[in-house]
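Trainee: Let me give you the structure first, and then I'll get to my questions.
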Amino acid sequence: MSNADIITAHYAASDRGDLDGMLAPLADDVSWTEAAGFPYAGTYLGPDAVAAGVFQRIHDEWDDYTVAIDEVIDGGDVVVGIGTYSGTYRATGRFFAARVAHVWRLIDHRVVAFEQFTDTELVNRALRD
């Protein structure tokens, strides 16, 4: 399985709502960075921190939150996913859609680093009353 296949499988798990499948490729010491200005901005270390600090919060705070990936670019040990986030923030009932790029870094077929790039203002508009 190539690194791009591993990341494609992560996105497929996300589409199914399969948290274990989403976490499966992450190294024990993964460094996961959400963009500055994003509601969950910061760097999370380890799969448990990613699950609690990002995935669980999205699950708890959003309706129909999706990551629709249009393209996975295979750069060997660096894989890029490009797509669109969308969802409705429960507290305000506001919908958003924003383009996103994910940069994944893998060593020995394990994700050791992740970085998100998105238009955080589009996301934050959904949070505001």
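Trainee: Counting only protein heavy atoms, what percent of the accessible surface of the chain is carbon or sulfur at a 1.4 Å probe? Mind dumping the intermediate values first?
Mentor: Numbers: 3350 of 6550 Å².
C and S atoms contribute 51 percent here.
Trainee: So, one more: Placing +1 at every Lys and Arg Cβ and -1 at every Asp and Glu Cβ, with all other atoms neutral, what dipole size does the chain have around its Cα centre, in debye to the nearest 20?
Mentor: 380 debye
Trainee: Quick one: in the chain, what % of C-alpha pairs are over 24 Å apart? All intermediate terms of the calculation are to be shown ahead of the outcome.
Mentor: Numbers: 1802 of 8256 pairs.
Percentage above 24 Å: 22.
Trainee: What nm value, rounded to one decimal, do you get for the distance between ASP63 and ARG125 when each label is placed 7 Å out toward the C-beta?
Mentor: 2.0 nm
Trainee: I've got another one for you. Residue separation times 0.36 nm, minus the C-alpha to C-alpha distance between ARG16 and THR88: what's the value? Write down the numbers at each step before the final one.
Mentor: On the way: separation 72, 0.36 × 72 = 25.92 nm, distance 1.84 nm.
24.1 nm is the gain from fully extending ARG16 to THR88.
Trainee: Here is a further query. Please give the solvent-accessible surface of ILE6 in Å², to the nearest 10, using a probe radius of 1.4 Å with every protein chain present.
Mentor: Taking all protein chains as shown, ILE6 has close to 20 Å².
Trainee: To test your reading of the geometry: what angle, between 0 and 90 degrees and rounded to tens, separates the Cα axis of helix 3-16 from the longest principal axis of the chain?
Mentor: Approximately 40 degrees, to the nearest 10.
Trainee: Name the residue farthest towards the positive end of the dipole of the stretch 57-116 from the options GLY83, TYR65, ILE107, assuming +1 on Cβ of Lys and Arg, -1 on Cβ of Asp and Glu, about the Cα centre.
Mentor: Of GLY83, TYR65, ILE107, it is TYR65.
Trainee: Moving to a separate point now. Would you mind getting the accessible area per residue of the stretch 1-106, heavy atoms of the protein chains only, 1.4 Å probe, in Å²? Intermediate values should be presented prior to the final figure.
Mentor: Details: 5130 Å² over 106 residues.
Each residue of the stretch 1-106 exposes 48 Å² on average to a 1.4 Å probe.
The values are calculated or read from the model by the stated rules, or taken from the named source; none is laboratory data. Small disclaimer: the values here were computed from a predicted structure and weren't measured. Cβ atoms come from the backbone with ideal geometry, glycine included; neighbour counts cover every protein chain shown. Remember, those area values only see protein heavy atoms, side chains included, never the ligands or the DNA or RNA. Shrake-Rupley method; radii C 1.70, N 1.55, O 1.52, S 1.80 Å.
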